[in-house]
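One structure is given here, and the rest of the page talks about it.
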Amino acid sequence: MMIIISCLIAGVISYLLGSCNFAIIIVRLLKGEDIRKFGSGNAGLTNTLRCFGKGCAVLTLIGDLSKGVVAVLLSRWICSLMNAGINGGDTHYIGYVAGFFAIIGHIFPIYYGFKGGKGVLVGVSIFIVTDPPTFGILILIFIIVLSISKYVSLSSIISALSAPFVTFSVHCFIHHTDMKISLLYAVLSLLMASVIIYMHKSNIERLRNGTENRFSLGSKK
């Protein structure tokens, strides 16, 4: 029962934190504009960089990474207070629950008419706290795919696809976590990955058609 209650509390807190979209906040504060009305219309890092430059993009990066980290840390703290750990007090699972709802909040923010970004940065930030080795491997995969393809969307999709397998392998073979628990973490990371991949459905269509924009450090209005 305490596990269910802690998951519900973590879900609500993480959703509300995830709804704080820093692409929208930063562009509105610094430029007086709505990022959703520019470029691809996506309230995310890549569109912010393309339309409003590196300064806004860096602040967006810091903000969206931070909210995921805060959501996980706060949820794990609450979980510990409620003694809702599993497998001898392990609270790692609540980090994935928090991550899922933070991503949902980022994509469907209650503060901005339920129109936000695609959840990639928030998804990445979850692994910074829950499992740094997995974070490092996924970032490496992202960088390799991006350097070869120059497509941010493709790099994000492949990294998301890799997340459940990397999560399971790291927990099972590096951390020597029980296989059932490792599988649980993989399934929870699959839920996060599935949402992120689904939100890239328009990018997938453009990749198929050869019309997807390639990544550039330059910006354009």
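The values are calculated or read from the model by the stated rules, or taken from the named source; none is laboratory data. This structure is a prediction, so every number in the text was calculated from the model and none was measured. Here Cβ is always computed from backbone atoms with ideal geometry, including for glycine, and neighbour counts include all displayed protein chains. With ligands, DNA and RNA removed, areas are computed over all heavy atoms of the protein, side chains included. Shrake-Rupley method; radii C 1.70, N 1.55, O 1.52, S 1.80 Å.
Would you point out the residue of region 176-190, among those that are surrounded by fewer than 16 Cβ atoms within 10 Å (Cβ to Cβ) and not basic (Lys, Arg), that is nearest to GLY116 (Cα to Cα)? Write out each step before concluding.
The initial filter retains those residues of region 176-190 that are surrounded by fewer than 16 Cβ atoms within 10 Å (Cβ to Cβ), namely 176, 178-180, 187.
With not basic (Lys, Arg) added as a condition, the list becomes 176, 178-179, 187.
Values: HIS176: 38, ASP178: 37, MET179: 36, VAL187: 25 Å.
Among those residues, the one meeting the criterion is VAL187.
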Scanning region 151-177 residue by residue, those without any contact (Cβ under 8 Å) to a residue 24 or more places away in the chain and closer than 13 Å to LEU188 by Cα turn out to be PHE165, PHE168
Condition (residue is surrounded by 23 or more Cβ atoms within 10 Å (Cβ to Cβ) and not in a helix (DSSP H, G or I)) applied to region 127-134: is it met by at least one residue? yes
Search region 35-51 for residues that are within 20 Å of GLY105 (Cα to Cα) and part of a helix (DSSP H, G or I) and pair each with any residue that is at pLDDT 90 or above and open to solvent by 40 Å² or more (accessible area, probe 1.4 Å) when their beta-carbon atoms are under 6 Å apart and the residues are at least 6 apart or on different chains. LEU45/LEU61; ASN47/GLY39
Which condition from (1) small (Gly, Ala, Ser); (2) under 26 Å from HIS200 (Cβ atoms); (3) open to solvent by 60 Å² or more (accessible area, probe 1.4 Å) is the one that GLY88 breaks? (2)
For region 139-150, indicate whether the set of residues that are in contact with a Phe, Trp or Tyr (Cβ under 7 Å, 6 or more places away or on another chain), part of a helix (DSSP H, G or I) and either among the acidic types (Asp, Glu) or touching a residue at least 60 places away in the same chain (Cβ under 8 Å) (or both) is non-empty. yes
Please work out which one of (1) of a type in the set (Ser, Thr, Tyr); (2) more than 13 Å from ALA10 (Cα to Cα); (3) open to solvent by less than 10 Å² (accessible area, probe 1.4 Å) is the condition TYR112 fails and give its number. (3)
